[in-house]
Amino acid sequence: MRKFNYIITLILVLSPAFSLQAQEQFRPMAERSILLKGLEEASAATRTISSSFIQEKNLEVLSEKIISRGIFLFSRENNIRWEYTQPYRYLIIISNGRMLTRDEKNQKLYDIESNRMFSEMNRFISGCIQGDILRNEKEYSASYFESSSQYLVKLVPRNEKMRQMLNEVQIWFDKKDFAVASLKMIESGQDFTRIDFIDRKINAEIPPEKFSF
Amino acid sequence: MRKYLLKNSAFNFLLIIAMGSCSFPLYKGMEPAPLPDNAGSFAWFRADTGRYLFRADISIYGNELSGLLFIKPVDESRRVLFITETGIKIFDMEFTREGKSGVVYVAGYMNRKPVTKTIGKALSPMLFNIGPEAVEAYKDKSSGKTIISSADRNGKKICSIGDLSGKVEELVQDKVISPEVRIRFYSASPVRPDSVLVSGLHNRLNIHLTAINEN
């Protein structure tokens with residue numbers, strides 16, 4: 001019964017966020033230069049991004065979903081703050097080559113450059129958020145699609161080892177401001193993580209303390 | 001040759017003494033008792049229950065990881081997935097009642113046999129507290145607590161049953177040639193453990209789970 005209530009609540013809460021994309025009809029993009037140019041201009045004009053997010057971890061084999069929510073902040077250059085508020089509080093700050101994680105009990109500080117996994121993760125996240133990842137043709141092969149309101153880019157890692165971990169990355173960009181609306185990371189075995197950015201604000205003032213340790 | 005045999009027998013004698021002195025603390029002051037009819041219900045994560053989500057801190061071979069641990073009983077087996085907060089899957093493993101564990105997926109940097117074997121040995125008794133072999137009951141003379149002894153392929157499992165929850169409170173699994181696993185379950189209700197601590201295995205692995213309230 002508890003599980004049933006949980007699923008119903010999730011459907012009710014998430015339906016507004018997902019209904020838009022469910023209705024979208026995507027077709028292959030004829031001219032991708034519009035997106036690439038738009039992203040370049042938007043990226044140059046973007047100082048900060050603040051947004052709420054809903055993260056859905058879909059465990060395909062078990063037909064289960066884990067939903068997390070929180071606040072995402074980005075500030076040039078490469079300052080990122082993921083603040084998870086549900087189902088529990090957890091904070092990740094990436095700034096000046098270091099990464100801090102904090103929960104209710106513990107706080108840990110990592111040197112990103114000394115840890116290959118964190119380094120790759122940081123490069124990947126900021127690449128997705130700023131759209132730089134689309135220019136990385138050496139590591140990803142890209143296919144481009146569009147609907148009336150969004151662009152969709154599907155990226156497949158060229159490296160086989162990387163593909164064992166990540167089959168495909170899908171990024172939805174809003175046509176209005178070229179900001180990332182959603183991000184989907186499909187793993188091997190078809191499990192995926194989808195992050196929807198909602199209530200996005202571009203260039204809103206973000207206190208520097210938000211990225212300090 | 002004689003010298004070698006003498007040396008060897010001395011070593012064997014010392015080994016027997018050492019093994020004899022390594023008795024389980026839970027055995028001290030125990031007396032045999034009839035096996036309760038509901039002994040199966042003492043275990044956590046039973047097949048007839050739903051899925052479980054925990055906040056997890058895992059320290060393995062000196063590497064510290066944190067994230068979410070997802071447990072789902074699937075028929076007679078248990079599936080365990082560990083993912084980071086950002087959704088990156090670290091491992092996906094399957095466990096059977098006999099104490100076997102299989103890797104469905106493990107992230108590249110952890111994909112080493114000693115690592116997955118250690119995780120398997122730690123999580124197996126946590127998921128299957130009792131059985132399937134040699135299930136016997138004891139009574140702790142001083143506390144009056146029920147003790148259930150059983151075994152699987154990883155060794156003998158000794159469980160202490162909590163008076164209030166009616167569930168396993170403490171579990172020790174040991175085998176002569178394997179390091180010991182100690183598991184402590186904390187809970188105010190018999191529905192699910194609020195917190196679980198797994199330690200032992202020569203300090204190669206420590207797990208701290210805290211239940212997440214999804215309501």
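Please treat every number below as a calculation from the coordinates, not as lab data. Everything numeric here is computed off the predicted structure, so don't read it as measured data. Cβ coordinates were reconstructed from backbone atoms using ideal geometry, including for glycine residues, and neighbour counts include every protein chain displayed.
Quick rundown of the values:
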{"item": "Dipole in debye (nearest 20) - the protein assembly as shown, about Cα centre, beta carbon charges: Lys, Arg +1; Asp, Glu -1", "result": "1160"}
{"item": "With eigenvalues of the C-alpha gyration tensor scaled by 5 and rooted, the protein assembly as shown, Å", "result": "49, 24, 19"}
{"item": "Average Cα contact separation per residue, the stretch B:24-211, under 8 Å, 6 or more apart, as relative contact order %", "result": "21"}
{"item": "Reachable aspartates and glutamates, given that their alpha-carbon falls under 17 Å from the alpha-carbon of B:LYS167 and they are not under 8 places away in the same chain", "result": "B:ASP37, B:ASP48, B:GLU136, B:ASP140, B:ASP194"}
{"item": "Residue (of B:THR118, B:LEU171, B:GLY155) at the positive-pole extreme of the stretch B:111-175, dipole from beta-carbon charges", "result": "B:THR118"}
{"item": "Neighbour cut-off at most 10 other Cβ (10 Å), DSSP loop, trypsin sites (Lys or Arg not before Pro), the stretch A:40-114", "result": "A:LYS105"}
{"item": "Sequence of B:SER195, A:SER126 once ranked by neighbouring C-beta atoms within 10 Å, starting from the fewest", "result": "B:SER195, A:SER126"}
{"item": "Set of lysines with alpha-carbon distance to A:LYS154 below 19 Å, sequence-local pairs under 8 removed", "result": "A:LYS37, A:LYS57, A:LYS138, A:LYS175, A:LYS184"}
{"item": "Taking B:LYS72, B:LYS156 and counting other C-beta atoms within 10 Å, the order from fewest to most", "result": "B:LYS156, B:LYS72"}
{"item": "The stretch A:53-108 - charge dipole about Cα centre, Lys and Arg +1 at Cβ, Asp and Glu -1, debye rounded to 20", "result": "260"}
{"item": "Residue (of B:VAL80, B:ALA188, B:ASN203) at the positive-pole extreme of the stretch B:24-211, dipole from beta-carbon charges", "result": "B:ASN203"}
{"item": "Over the protein assembly as shown: helical MRE at 222 nm, DSSP H runs n ≥ 4 each giving -39500 (n - 2.57), nearest 500", "result": "-7000 deg cm²/dmol"}
{"item": "Size of charge dipole - the stretch B:24-211 - debye, nearest 20, with Cβ of Lys, Arg +1 and Asp, Glu -1, no other charges", "result": "420"}
{"item": "Projected-area average for the stretch B:24-211 over all orientations - Cα convex hull basis, square nanometres", "result": "10.2"}
{"item": "Set of aspartates and glutamates near A:LYS161 by C-alpha distance (under 16 Å), chain-local residues within fewer than 8 positions excluded", "result": "A:GLU120, A:GLU139, A:GLU187"}
{"item": "Phi-based couplings in Hz for the stretch A:47-60 (Karplus 6.51, -1.76, 1.60; Gly and Pro marked x)", "result": "9, 9, 9, 10, 7, 8, 9, 10, 10, 10, 9, 9, 9, 4"}
{"item": "Tail fraction, Cα-Cα pairs, chain A, threshold 28 Å, whole percent", "result": "30"}
{"item": "Chain A - percent relative contact order, Cα under 8 Å, separation 6 or more", "result": "23"}
{"item": "Estimated inter-spin distance, B:SER41 and B:ASP194, nm [label 7 Å along Cα→Cβ]", "result": "2.2"}
